[in-house]
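Peer 1: To start, I am sharing the structure in question, which I have written as structure tokens.
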Amino acid sequence: MDKGILITNHYFIKNIQEGNQEAFKVLFDLYYTKLLHVAYSYVPNKEDAEEIVQDVFLKAWKKRKNITTNINGYLFKITKNSCLDYLRSKKYKLSSANNIEQLEAFINHKALKDEQTSLIIEKELAQRIQECIKLLPAKCQKVFIKSRIDGLKNKEISDELDISIKTVENHMSKALKYMRLHLREFLSIL
Amino acid sequence: MQEKDLIKYIKGETNSQEKRRIIEWIRKDYNNQKLYNNLKAEYVASTFDNSDHIDIEKKYQIFCSKKIKKQKYQYTGIVAVLLIPLIAWQLYTYFSYNPIVNDPVKISEYSSIINISTKSGGKKKVTLPDGSVITLNAESKLSYPNRFSDSTRSVTLIGEAFFDIKRDIAKPFIVHTDDLKVKVLGTSFNIKSYPDDEKIETTLVTGKVELLQEKIEEPIVLEPSHRATFNKEKSNIKIEKVNSRNIIAWKQGKLIFNQTPLKQVVLDLNRKYGADFIIKSDTLLQYKYTGVFNNNQSLEEVLEILKLSSRINYKYLNNKVMLESQ
């Protein structure tokens, strides 16, 4: 499987841009937990981190027409900027001069703003997302990619892979189910 | 400091004493900060799979309901815009005849816009639908919807008020004044924007605010304990460091003047005591007065202090106060 084909695929992006809810849900399933991990690593409060990530998806949905092939970079950038805004406001919320939370917001703001080091996280994120899709069973994966990423209709997939439309549908629902289940298992094992 | 201590801190395994020591070490030097940035990023990248179990379906449902709410409100927004001019006019006529002066806040609801106003000497505390608290100074008026739209929280202010705003990153809070818009995420600040004053003053106490003005392209970002003064005539903005406690002293009924032109002093006294002033000399209008008046002082006491602490004399003339040079 070509690594580059995944998230950056032209048809998948086009689906997102056109407001295809299923395609957007795939994006949500793949990215939510991971973006939350990034946000919660720099923002000290879990509820605030969740609010930030929910807001990232609302922004991405609202501005879906601007999404280009660098979807990973796009989502990471919105998350990063929202966290920076949050930390900046925390940084200036003066209470006492050596308030530990404030100082922590200060160093974390600097850390996240550092282009060089935040790129480490962005790259790892892209790789993790690809692995998530790679871990699907081979047949499911093929159908999933053809449908969601390449944007083929079920009929076209059935012609191309020489399987019935019913089988395509089964594979699709299995792929989506497996992917979600897998994401959960993946996270709860470790 | 060793890397292993830093990693211990990044993992959240340090007690508060160690934590403070490590944070101070990071802040001490650029290279220390750089090392922290790197170790932190490496750690975050290597722990993508360590996060707690999350019910994605539930999170997706939350997202969907937020998304729908947003679309619905965009629609009602249009209807509200059409209704506002009419309601505003009705409220204006209602409040012009409202004789209540210093009552506990009386909220009058007309469909969706709520107006609160104060007469001279009055002061009111208002809690908005989002939990933000606004203290309105004398002769001021605040308008706000009884339910905020989904994208912003907008209010309109004439006069002076202190704002303590609940944080909501998804919904910026915007105060509209005649010439200026003030945008915030969550913070506390004071705006003084009386129609008969020459200037609009915005003072930030905590947090961060942005000032937007038609003639000034870039928004101006204000830091805590700084005041932005917009000059209506010249259309420029001056930013200076101030003691924010003095600026919001009116909340305790105090009037604090620090090198304030007498012209401004009498405007503030007029709002507090309802007394009219006459000043005939131009030089006196520009005279800079410094002094503090307390809540329990009567107008007579204030005038006596003014007389003692400056070269100003006063006398009554047809129920008005006339100020002259001594």
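The values are calculated or read from the model by the stated rules, or taken from the named source; none is laboratory data. None of the values given here were measured: they were computed from a predicted structure. Positions of Cβ are backbone-derived with ideal geometry, glycine not excepted, and every protein chain shown enters the neighbour counts.
Peer 1: Considering only residues that are away from chain A (no Cβ under 14 Å) and crowded, with 17+ Cβ neighbours inside 10 Å, look in region B:177-196 and name the one that is nearest to B:N270 (Cα to Cα).
Peer 2: B:Y194
Peer 1: In addition: Based on what the data block shows, is B:L306 among the hydrophobic types (A, V, I, L, M, F, W, C), surrounded by 12 or more Cβ atoms within 10 Å (Cβ to Cβ) and touching a Gly at 6+ places or on another chain (Cβ under 8 Å)?
Peer 2: Judged against the criteria, B:L306 is a match.
Peer 1: How many of the residues in region B:135-154 are crowded, with 22+ Cβ neighbours inside 10 Å and closer than 16 Å to B:W250 by Cα?
Peer 2: Residues flagged as crowded, with 22+ Cβ neighbours inside 10 Å and closer than 16 Å to B:W250 by Cα within region B:135-154 amount to 5.
Peer 1: For region B:220-238, which positions are within 16 Å of the chain's Cα centre (by Cα), under 21 Å from B:P172 (Cβ atoms) and surrounded by fewer than 20 Cβ atoms within 10 Å (Cβ to Cβ)?
Peer 2: Within region B:220-238, B:I220, B:V221, B:E223, B:P224, B:H226 meet the criteria.
Peer 1: Something else now. Among the residues of region B:29-58, what is the count of those that are charged (D, E, K, R) and buried (at least 16 other Cβ atoms within 10 Å of the Cβ)? Spell out the reasoning first.
Peer 2: The first filter runs over region B:29-58 and keeps only residues charged (D, E, K, R), leaving B:29, B:34, B:40, B:42, B:49, B:52, B:55, B:57-58.
Subsequent filtering for residues that are buried (at least 16 other Cβ atoms within 10 Å of the Cβ) retains B:34, B:40, B:42.
Of the residues in region B:29-58, 3 are charged (D, E, K, R) and buried (at least 16 other Cβ atoms within 10 Å of the Cβ).
Peer 1: Still on this structure, I have one more. Given (1) part of a helix (DSSP H, G or I); (2) crowded, with 17+ Cβ neighbours inside 10 Å; (3) among the polar types (S, T, N, Q), where does B:T14 come up short, assuming only one miss?
Peer 2: (1)
Peer 1: Another question about this same structure. Can you work out which of the residues in region B:23-46 that are of a type outside the set (D, E, K, R) and more than 7 Å from chain A (Cβ to nearest Cβ) is farthest from the chain's Cα centre (by Cα)?
Peer 2: B:S46
Peer 1: Moving on to the next point. With respect to B:I278, determine if the residue is over 23 Å from B:N296 (Cβ atoms) and under 23 Å from the mean Cα position of the chain (by Cα).
Peer 2: Spelling it out, it is not the case that B:I278 is over 23 Å from B:N296 (Cβ atoms) and under 23 Å from the mean Cα position of the chain (by Cα).
So that you can scan it fast, the table gives a plain yes or no per residue for (1) free of Cβ contacts under 8 Å to residues at least 60 places away in the same chain; (2) within 10 Å of chain B (Cβ to nearest Cβ); (3) farther than 20 Å from B:A170 by Cβ; (4) not in a helix (DSSP H, G or I):
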{"residue": "A:V26", "(1), (2), (3), (4)": "no, no, yes, no"}
{"residue": "A:D29", "(1), (2), (3), (4)": "no, yes, yes, no"}
{"residue": "A:H37", "(1), (2), (3), (4)": "yes, yes, yes, no"}
{"residue": "A:Y40", "(1), (2), (3), (4)": "yes, yes, no, no"}
{"residue": "A:A49", "(1), (2), (3), (4)": "yes, no, no, no"}
{"residue": "A:V53", "(1), (2), (3), (4)": "yes, yes, no, no"}
{"residue": "A:W61", "(1), (2), (3), (4)": "yes, yes, no, no"}
{"residue": "A:T68", "(1), (2), (3), (4)": "yes, no, yes, yes"}
{"residue": "A:N72", "(1), (2), (3), (4)": "no, no, yes, no"}
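Peer 1: Hey, can you tell me all the residues within region B:155-169 that are touching an Asp or Glu at 6+ places or on another chain (Cβ under 7 Å) and either crowded, with 20+ Cβ neighbours inside 10 Å or without any contact (Cβ under 8 Å) to a residue 12 or more places away in the chain (or both)?
Peer 2: B:G159
Peer 1: Where the second residue is assigned to a helix (DSSP H, G or I) and among the β-branched types (V, I, T) and the first is at positive phi and more than 8 Å from chain B (Cβ to nearest Cβ) and lies in region A:117-128, which pairs have Cβ atoms under 9 Å and are six or more apart or on separate chains?
Peer 2: Pairs that qualify, where the first residue is at positive phi and more than 8 Å from chain B (Cβ to nearest Cβ) and the partner is assigned to a helix (DSSP H, G or I) and among the β-branched types (V, I, T): there are none.
Peer 1: Just checking, which of B:Y273, B:Y287, B:Y314 is in contact (Cβ under 8 Å) with a residue 40 or more places away in the chain, aromatic (F, W, Y) and either in contact with a Lys or Arg (Cβ under 6 Å, 6 or more places away or on another chain) or surrounded by 12 or more Cβ atoms within 10 Å (Cβ to Cβ) (or both)? Show your work before the answer.
Peer 2: Working: B:Y287 fails: in contact (Cβ under 8 Å) with a residue 40 or more places away in the chain; B:Y314 fails: in contact (Cβ under 8 Å) with a residue 40 or more places away in the chain.
Among B:Y273, B:Y287, B:Y314, only B:Y273 is in contact (Cβ under 8 Å) with a residue 40 or more places away in the chain, aromatic (F, W, Y) and either in contact with a Lys or Arg (Cβ under 6 Å, 6 or more places away or on another chain) or surrounded by 12 or more Cβ atoms within 10 Å (Cβ to Cβ) (or both).
Peer 1: Kindly indicate whether B:T14 is more than 9 Å from chain A (Cβ to nearest Cβ), hydroxyl-bearing (S, T, Y) and without any contact (Cβ under 8 Å) to a residue 60 or more places away in the chain.
Peer 2: Yes: the conditions hold for B:T14.
Peer 1: Here are the criteria: (1) surrounded by 14 or more Cβ atoms within 10 Å (Cβ to Cβ); (2) not assigned by TED's automatic domain parsing to the domain that holds B:T118. Tell me which single one B:Q259 does not satisfy.
Peer 2: Among (1) surrounded by 14 or more Cβ atoms within 10 Å (Cβ to Cβ); (2) not assigned by TED's automatic domain parsing to the domain that holds B:T118, the lone unmet condition for B:Q259 is (1).
Peer 1: Got a number for residues in region B:213-248 being under 15 Å from B:K192 (Cα atoms) and without any contact (Cβ under 8 Å) to a residue 12 or more places away in the chain?
Peer 2: Looking only at that region, the number is 2.
Peer 1: Can B:D150 be described as more than 14 Å from chain A (Cβ to nearest Cβ), in a loop (DSSP other than H, G, I, E, B), modelled with pLDDT under 80 and over 10 Å from the mean Cα position of the chain (by Cα)?
Peer 2: Considered against the rule, which asks whether it is more than 14 Å from chain A (Cβ to nearest Cβ), in a loop (DSSP other than H, G, I, E, B), modelled with pLDDT under 80 and over 10 Å from the mean Cα position of the chain (by Cα), B:D150 comes out as no.
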